[in-house]
1. Would you please name the residue that is farthest from ASP85 (Cα to Cα), looking only at residues in the range 124-160 that are touching an Asp or Glu at 6+ places or on another chain (Cβ under 7 Å) and small (Gly, Ala, Ser)?
2. Being open to solvent by less than 40 Å² (accessible area, probe 1.4 Å), free of Cβ contacts under 8 Å to residues at least 40 places away in the same chain and either closer than 15 Å to HIS66 by Cα or not acidic (Asp, Glu) (or both): is that true of GLY127 here?
3. When the range 117-152 is examined, which residues are found to be in a loop (DSSP other than H, G, I, E, B) and among the β-branched types (Val, Ile, Thr)?
4. Looking only at the range 146-160, how many residues end up being open to solvent by 20 Å² or more (accessible area, probe 1.4 Å) and within 15 Å of ALA207 (Cβ to Cβ)?
5. Looking at (1) modelled with pLDDT of 95 or more; (2) open to solvent by 40 Å² or more (accessible area, probe 1.4 Å); (3) not β-branched (Val, Ile, Thr), which is the only condition ALA175 fails?
6. Taking the range 37-79, which residues are open to solvent by 40 Å² or more (accessible area, probe 1.4 Å), on the phi < 0 side of the Ramachandran plot and in a loop (DSSP other than H, G, I, E, B)?
7. Hey, among GLY68, GLY59, GLY64, GLY1, which residue is of a type in the set (Gly, Ala, Ser) and at pLDDT below 95?
8. Filter the range 80-104 for residues that are open to solvent by 50 Å² or more (accessible area, probe 1.4 Å) and either under 21 Å from GLY39 (Cα atoms) or of a type in the set (D, E, K, R) (or both) and give the result.
Amino acid sequence: GLTPNQGLSKTLDRLRMYAKDYQISGLKLYTFDATPKKGWWFDDEKLAYPIWEECRKLGIKNIGCHKGIPFGQFYARYAHAEDFDAVADDFLDLNFIAYHSAWPYHAEIAALKSFKPQRKNLYCEVGSTFAATVSSRPLECAHVLGTLLRDLGPDYVLWGTDSLLWGNPQWQIDAFRKFQIPDELVEGYGYPKLTPEIKRKVLGENAARIWNINKQEAMQAKLGLRASALA
């Protein structure tokens, strides 16, 4: 819905409409589009920076973007995370979230934090990436999760399931709860072990923090829904 190549002023008007009419608290964007350029970059100072400046004014802090998985006719170059580099430094008060963890280019988003550990506004989300690898490519799954957790850090990896594509997400939740990174990879690559604490952070605590969700209130609301369902 926000495609600056099709007109920046229209894009900004649409953003304001979303904020006013739908009271959005964040964005999930695509840098692919159907224009002759086929896409745009987050660090384009003429096309993109006015969007982030407007987000500041509107109080929209969390900005996600499809990264990786260059499906269909989309150009792979727009699926890389390199455009997060400058924008993360230029808008320190905004959080930038790479959906799908930029897989199979996940090492790129991880490197943007591992070489600049002072960055506190780069995140990744594992929707579709975990689902696509945990069953058929478990070793790759271990490397992907290990790289993200080691380099971005356990506080910057967010859960996601893309359940519209994969169906009921419970199987992914169960698989993540059981999943472990093999000890030889922990020792050989310096990956962290998937402790219960790290799994709690990924499954919800990290998202609750950046979306200002009170954990205890959310848990009580969930218990209330369960009680209503059982009544």
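1. So the residue we want is ALA131.
2. yes
3. VAL126, the sole residue that qualifies.
4. Qualifying residue count for the region: 4.
5. Answer for ALA175: the failing condition is (2).
6. Residues satisfying the conditions are LYS37, TRP41, ASP43, ASP44, GLU45, LYS46, LYS61, PRO70, PHE71, GLN73, PHE74, TYR75.
7. Checking each option against the conditions leaves just GLY1.
8. GLU82, ASP85, ASP89, ASP90, ASP93, TYR99, PRO104 - these are the residues of the range 80-104 that are open to solvent by 50 Å² or more (accessible area, probe 1.4 Å) and either under 21 Å from GLY39 (Cα atoms) or of a type in the set (D, E, K, R) (or both).
The values are calculated or read from the model by the stated rules, or taken from the named source; none is laboratory data. Since this is a predicted model, take the numbers as computed values, not measurements. Every residue, glycine among them, receives a Cβ derived from its backbone with ideal geometry; neighbour counts consider all protein chains shown. Note: accessible area is taken over every heavy atom of the protein model, side chains too, but ligands, DNA and RNA are not part of it. Shrake-Rupley method; radii C 1.70, N 1.55, O 1.52, S 1.80 Å.
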